[in-house]
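Below is one structure; the comments refer to it alone.
Just so it is clear, none of the values below were taken in a lab; they were calculated from the coordinates. For clarity, every value in this text was computed on a predicted model and none was experimentally measured. Please note: Cβ atoms are built from the backbone with ideal geometry, for glycine as well, and neighbour counts cover all protein chains shown.
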Amino acid sequence: MEVLQDQRGKQAGDQGEEKLSNQAKQQKQKMNMVDKEAAPTSPMEVVGMGPRDEDGSSSSSLRTAEMLLRLLPIAPCVVALVVMLHDSQTNDFGSLSYSHLGAFRYLVNANGICAGYSFLSAIIAAKARAATKSQAWTFFFLDHILTYLVLAAGAASMEVLYLAYKGNSAATWSAACESFGGFCHKATISVAITFVAVTCYALISLISSYKLFSKYDAPDPVANPIKGIQTATFHA
């Protein structure tokens, strides 16, 4: 009888230890889940710009940063436009104006469109408290279209400037900048400022991409339906 009582006592003690260990494991799992939920889920949240709470300070700071960044390209776009509009030169060799070259006319139009879009989008971004998915998709497409628009204008104008400075012996084109140095100098300034606007629009596109795709949950990992598969390991 004493042996049976001892065995029962040991079993009861073992069961008590198992319960305590299971409770400790459950508490650890709960703590880990709480830590994961509290941890930032993106680099934007690390710097305090992530949308943890749509009505909180994080979303407000992101909205303010987006508005200021959308206003930023207006200055370089307008300056590049004005410089190119006043780019003309007349000398003994003749007269040359930006309107004589299609790439420079395209640069003027692209900068004007981008400046107007920046102003309107900044107003909309400042008024919208919680952007919907449709608005996020609209900003995403328009931001990328405008980025490529101004980038193409800068690239085309740079090619024209290269030919104006270097010429093309195969096509018997002379270097026009040797005779119209002032014209080429203003055009170079306008193109350089245009690429500043390109940089601003690239940053705007990144923010609009983040705001759009942060509205969608990450896909759940697909569990392997076939369990117990062992992978062969080869040793040299």
* Structure fact -> Within the under-12-Å Cβ sphere about LEU120, not counting LEU120, Lys/Arg +1 and Asp/Glu -1 give a net charge of +2
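Assuming a viscosity of 0.692 mPa s and a temperature of 37 °C, what translational diffusion coefficient in µm² per second does Stokes-Einstein assign to the stretch 58-213, Rh being the Kirkwood radius over Cα pairs? Don't skip to the end; give the middle numbers.
On the way: Rh = 16.7 Å.
After rounding, the answer is 196 µm²/s.
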* **Ranked by how many other beta carbons lie within 10 Å on average, peptides 100-113, 158-171 from highest** => 100-113, 158-171
* Separation between the ALA202 and ASN91 pseudo-spin-labels, each 7 Å from Cα along Cα→Cβ, expressed in nm? -> 3.5 nm
